[in-house]
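A quick write-up on the structure given underneath.
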Amino acid sequence: MIVKRRVAIIAALSIAAMTALIVWKPTVLIYGLQAAGLYAAVAIPMGLVLGIVHIVNLAHGECMMLAAYAAYFGCKALGMDPLVAILPTAIVTAIFGWVVFQLTIRRALKAPELNQLILTFGLAIAFSQAINLIFTSQTYKMPLEYVSASMDIGDISFGVWSFVFVAVAIIFAYGLTFFLTKTMTGKAAVAVGQNPRGAAIVGIDVYRTYGLVFALALALVGAMGALFLTKSAIFPGVGSPFTMKSFCLIAMAGIGNIPGILGASVLLGVAENFLRAFRPTRDWAEIVFFVLIIVVILARSLKGRKS
Amino acid sequence: MKRGMFALAVLALFVGSAYAQGTIKIGGIWTLADITGKQGSAAAQLAVDEINAAGGVLGKKLELIVVDDEGKADKAAAAVEKLATVDKVDVFVGGMASGAELGKIPAFKKYNKVVMATGAAGSATVEKALGPSPESDFYFHLHPWDYNQGASYAEGWNAIQQKYPNIQIKKIFLAYEEGAFGKSSWDATKVLFGGDKRYTIDGASFKSALLGGGDYTAVLEAAKAFKPDLFIWAGYDADALPLLEQSKAMKFSPGIYLGAPPGWPIDFGASKLSPNVMLYGMWSTAMNNNNPSSAKFFKNYVAKYKEEPATYFAPLAYSAVYILADGIKAAGTTETTALVKALEATKYASPLGETITFKPSNIIKHQGITRQKILQWQNGEQQVIWPFEAATAAPVYPFPAWK
Amino acid sequence: MNRTASRIFALLFGVLAVTLPFFAGDYPLQVARNIMMYMALAITWDMLLRSGQISFGIAGLFGIGAYAAILSVVRAGMPAWFSILFAAIFAGGVAFVIGFLILRLRAMYFSIVTLALGEIFRIIIHNLHDFTGGPEGVVIQKGVVFGGKANSLYWLVLAGLAVAVAASTWFEKSKIHFALTAIRNNEVSAKSSGIDIFRWLLLAFVVTSAIQGLLGGIFVQSYGFATPDAVFSADFTLLPLAMALLGGVYSTTGPIFGAVLLGLVSEWLKLKIPYGHLVVYGIIIVVVILFMPQGLRQLVRRTPHGADGRSA
Amino acid sequence: MIKLKTENLTKRFLGLVAVNKVSFSMEEGEILGIIGPNGAGKTTFINLISGIIMPSEGLIEYKGTDITYMPAHERARRGIARTYQLIHPLENLTLIENVMVGSIFAKGHGLREARTKAEALCHELGLTGLDRDTSRLSIFEIKKMEIARALANEPEVLFLDEVMAGLNSDETKDLIAMVQRIALERHLAVGVIEHVMGVIRELTHRVIVLEAGELIAEGKYEEVSKNPRVVEAYLGGGTV
């Protein structure tokens, strides 16, 4: 009861805050949501891997970078639009993920947990530097007309293309939730994640499940890579900052809480854009990301101790 | 192109001992994973090959030994030590990021050999760390300092407004990336344009996509509210197109839209948004038409590496080697005092379109290039607008409003 | 037998480290300095890891120390020597204060929060332009210790490393070893043995942070500058971590092994493969961790998985 | 002399009452059995007394001092020791080092003194091969090591949470004798949770019975085992 009332209060407060923002600084909300969509869409696949396979994939961002390069050169060669490349890229990266899992991560799963961390760190270096060697550090960007799609409300004009990330984030979050709670494979994956030993005893092939989850996550990363290409220029280091941000968002939402990543992203996206909208606080927008993460984690740990 | 790189790598490895007696050794330090360092080192090697083909210097061959600094101060310091003590190079060339350059300076000072620096624009740190003459006399800073760049832009815009009365600039907005590069641009802009009563200036920072940012909405909102005549962004190549696309989406179309990145993305000129975007730079392929030195450099570079030089760091490094070679010829030795004296008399007609000489800057005694150029993307190519003596085209104004 | 091997190794290493300046040139000394810097950081990271806490905040504390040292010289005119000590005290003090907040957190949440704090330190330094020099950084024109002399700077970094090794040995040989190991294994039973968990974690966190700060101070005093990008670089977090893990954790010798391996490999590759050496570097990390899951220390010791082979 | 007592000790987890108003006391030299069906709150009760979790209400008094909210490590230092139902050997430490821990931290002994004391304790409990890693020990050895580690705290009150589980009958017999001797020699108050009623009957002087967090009976084992409420609780719970 108490818990429910608190949720209701929080919901009411956030709706009130959002409404106030729409009236006062509509762009904060628009750009905040767009930023949040991108954060969440990239973080969700990492959350899936962390929640079930229990590894922090430090090469997460690099995987997206690889996908974006694959999509770019695929599109260039075939004259495709990156949007058309989403599905093929997802398939390619899923296969790539499966192979990487079988060749490397699988072998490290029995070792101490930290080994997986350092293994993926090594992979991240190898991936980004290999791309650097082949394609140099110069940036590539698809010139696309539709990414400048514009909308006017009153006297403000803003870009609408980035809302596509919001849509993708929602699809990822609810698609995955559906997959994990309603399908047999998904339920099995969750069971394996919660209790690998138990799952092995009842005859589930744990490594196969892990491999599939990893491949699924990379498929989502691949789809995001192609989509990311519409909006951003690509270069060897383009992915790495997303690893840390995603990791932070997942910690903020709580491990295993995939829809929570959406909430965390919205909070951070809007808060950042709120600070950016005012001259005195402009330069401090970045700090809010880290401060909020610490506050949320500390608050949750305090609450956890009380109960 | 791959083969060229490989050849260079092999050369750097094996040539060393073979020619030990009859060579003049140049130690090159760049960040090789970066396009600027990769092409800078390649261009320097091109210059070395050309000079050797023409008979070398003082009857000796030149030899370039390249070591990567990985953009890190400690690795850069190790690179200097290795070149100075293991390879026993006679002179140094290279440099790009100020952070790595700062790591080299203590070691450079220790060895007191001539350094021809192709990068490091940060006056607040690098120039300060070098210190005044005579302790920094060995250091020849080819690249302009940040304040040189600022001053030359102020000069350029004055000249352009005089020559083309239809171009009127009163309000300037600078969107600067939040790192050292953008911040020093902003500092220089504030000092140079802010002191001038004709201009009102404003600025805001953004996080470059290169450093994990890429969200330009807030900075463009601020710019749009300011309604500038001249909008400048100081960021990196990764920001170029996304920034334009976002500007179009937000219907922000200033009279002059200008970018000041160290390099531009591949195929930028092919974008429909690129026409009439202006830029700050030092060199463009258009200069091949009216500058023989540039044409020669370009032709030989493409012939050797099967790719076009993508940044001005390539001709800059190329020039650095020629300047050193000329200086050594004039001095008859690589001994520092004599070589410094000879280099002080340098007059080198560079592919960058200006004759390079060395003059004192705010702190150090040997500053090379001080002027940058104002260019414009026209029909997919960068055309030089100012300085007028190097101009390859007239400016198109205003920047077309989004249709 | 294990102990003797370890002692012989320590002795050889010590002798080599101390005599290096007498026969090596300036280049090997510079490389050794770079390696020893990361080695010391790797040891401090391992020291805290012995309590089970995985810190991602090394770069943050290193950076804080670096800025404490350089700003105390530039803004307050502190002597160079004292500024290095001040860096240690300052970083230790900061760790003491934030320790009260974050040492209740565990596992990934502790790691993330240390990472976030490091970023917060960096942003604060970055944004306080007038005091810290902002993104462009600060330089010390005069007053770099030893005026950049290779031998002396080598001794300075070696002294920093010696502090780390001494602290690590102290952690291994004293009751701290028992406290941290017990906490790492099981906090509940540690409490029942009378271990005040928070106190020991705070001790370990403050000591390791102070040494990280000290190393930051040594860094700025040997190069004469600090910029946010250089001293808060993620390398200072990730490389020590990789070194400790590749060498073998929960010991002093493991991180030393790992740092020597990665440090030499990275320098050697750089010269052998100017373009593309970082690819090989990444692959080496992957291969070593796959084939030597217990780290390089596995090579020296015979005891199988899970054993530490140490007796007090 | 009463060493430890609780009054109305209560613990609620998110509305669930795990321990409900339990009042009891333990005397010096007494071996007390704590029994009850699975989920009755026995371990929670010990956790409350040893300070691993904090009570929602009530009072815990140890040698006349209120220790209700005292941190666990402080209670350990004052003389409350315990073992755990799930064994917790400290991996990466040897057998002897495991035993030393209690002596070092609860009693503040130096390493050398702690080692001497730990050796004596191990000797007393019949543990040999003291420099072995815990991964090489048998279950019986681990159980004895856990008791030794608790004893290294030099406690006045000792709780043993299912130490007999997983042992064969000879080992169980050994351990029962050992516990009785220890309690007698050191004037300990010992609290024992056991599922095997034979052990309780043989080992304890007195038992308390918990069901659904409430204390439902108290007295000698023979009396309590005939108590209708206890019988019903066990039948309902399924295990006797």
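Rule-based calculations on the coordinates, nothing more; no lab input. In this text the structure is predicted, and so the values were computed from the model without any measurement. Note: ideal-geometry Cβ built from the backbone for every residue, glycine included; neighbour counts use all protein chains shown.
Within the stretch D:30-48, whose backbone N sits under 18 Å from a point 7 Å along Cα→Cβ of residue D:17?
Flagged as within label range: D:37, D:39-46, D:48.
Kindly flag which residue pairs out of B:75/B:329; B:75/B:359; B:82/B:299; B:88/C:272 have an alpha-carbon separation exceeding 29 Å in this structure.
Check vs 29 Å cut-off fails for B:75/B:329; B:75/B:359; B:82/B:299.
With labels modelled as points extended 7 Å from the Cα through the Cβ direction, what inter-label distance (nm, one decimal) is found for residue B:253 paired with residue D:186?
Each label point lies 7 Å from its Cα, and together they span 8.8 nm.
Among A:15, B:369, rank each residue by its count of other Cβ atoms within 10 Å, from fewest to most, as a rough exposure measure.
A:15, B:369
Pick from B:281, B:182, B:255 the residue whose mean-square fluctuation is largest in a GNM of chain B, springs joining Cα atoms under 10 Å.
Of the options given, B:255 has the highest mean-square fluctuation.
Based on DSSP, what percent of beta bridges with both residues in chain D are antiparallel, to the nearest 5?
Of the beta bridges lying entirely in chain D, close to 55 percent run antiparallel.
So what is log10(I(q)/I(0)) for the stretch C:171-312 at q = 0.22 1/Å, when the Debye sum runs over its Cα atoms only?
Taken in order of the listed q values, log10 I(q)/I(0) reads -1.36.
If amide H atoms are built 1.01 Å from N in the plane of the peptide, which residues on other chains or at least 5 residues away come under 5 Å of the amide H of residue B:349?
B:356
Can you grab the distance from the C-alpha centre of the stretch A:29-83 to the C-alpha centre of the stretch C:215-283, Å, no decimals?
The two parts, judged by their Cα centres, are 29 Å apart.
For the protein assembly as shown, what proportion of DSSP beta bridges, expressed in % and rounded to the nearest 5, is antiparallel?
So the antiparallel bridges in the protein assembly as shown amount to around 45 percent.
Round to the nearest 0.05 the FRET efficiency obtained for residue C:151 and residue D:169 when R0 = 56 Å and r is the Cβ-Cβ distance.
0.15
Taking H as built 1.01 Å from N, whose amide H comes closer than 5 Å to the amide H of residue D:191, not counting residues under 5 places away?
D:32, D:158, D:159, D:160
Under the Karplus relation 6.51 cos²θ - 1.76 cosθ + 1.60, θ = phi - 60°, what is the ordered set of whole-Hz ³J(HN,Hα) values for the stretch D:228-233, x standing for Gly and Pro?
x, 5, 5, 4, 5, 4
So how far apart, in nm, are the two label points at residue B:164 and residue C:16 if each is 7 Å from Cα heading toward Cβ?
6.5 nm
Could you pull out every residue, at least 5 positions away or on a different chain, whose amide H is within less than 5 Å of the one on residue B:24? Hs are placed 1.01 Å off N in the peptide plane, and Pro or chain starts have none.
B:61, B:62, B:63
Return the sequence-ordered ³J(HN,Hα) values of the stretch A:131-144 in whole Hz as given by the Karplus equation 6.51 cos²θ - 1.76 cosθ + 1.60 applied to θ = phi - 60°, using x for Gly and Pro.
3J(HN,Hα) across the stretch A:131-144, in whole Hz: 4, 4, 5, 7, 10, 6, 7, 5, 9, 10, 8, 6, x, 10.
I want to check the label-to-label distance for residue D:227 and residue A:178. Put each point 7 Å from Cα in the C-beta direction and report it in nm to one decimal.
About 5.7 nm separates the two model spin labels.
For the stretch D:89-154, just list the percent of Cα-Cα distances falling in each 5 Å bin from zero outward, please.
Per 5 Å bin, starting at 0, the Cα pair percentages come out as 4, 22, 35, 25, 11, 2.
For chain B, what does the helix formula give at 222 nm: sum of -39500 (n - 2.57) over DSSP H segments with n ≥ 4, over the residue count, nearest 500 deg cm²/dmol?
-12500 deg cm²/dmol
Report Rg/Rh for the protein assembly as shown, rounded to two decimals, where Rg is the Cα radius of gyration and Rh the Kirkwood radius.
Rg/Rh for the protein assembly as shown comes to 1.02.
Would you list, by chain and number, the aspartates and glutamates whose Cα falls below 13 Å from the Cα of residue B:341, excluding same-chain residues fewer than 8 positions away?
Output for residue B:341: B:137, B:326.
I need the phi-derived Karplus couplings for the stretch D:208-221: 6.51 cos²θ - 1.76 cosθ + 1.60, θ = phi - 60°, integer Hz, Gly and Pro marked x.
10, 10, 10, 9, 6, x, 9, 7, 10, 7, 7, x, 5, 4
Once the Cβ-Cβ distance between residue A:170 and residue A:299 is put in as r, and R0 is 22 Å, what FRET efficiency do you end up with, to the nearest 0.05?
For R0 = 22 Å, the calculated efficiency reads 0.30.
Given a cut-off of 20 Å, name the pairs among B:38/B:61; B:170/B:207; B:72/B:104; A:231/B:248; A:141/B:227 whose C-alpha atoms lie farther apart than that in the structure shown.
B:38/B:61; B:170/B:207; A:141/B:227
Roughly how many Å is it from the Cα centre of the stretch A:141-164 to that of the stretch C:95-129, as a whole number?
37 Å
Among all the lysines, which ones have a C-alpha under 27 Å from residue A:110's C-alpha, if same-chain residues fewer than 8 places away are not counted?
Within the straight-line cut-off, residue A:110 pairs with A:187.
So between residue A:73 and residue A:23, what do we pick up on full extension, going 0.36 nm a residue minus the alpha carbon distance?
13.6 nm
Counting DSSP beta bridges with both partners in chain B, what percentage is antiparallel, nearest 5?
25 percent
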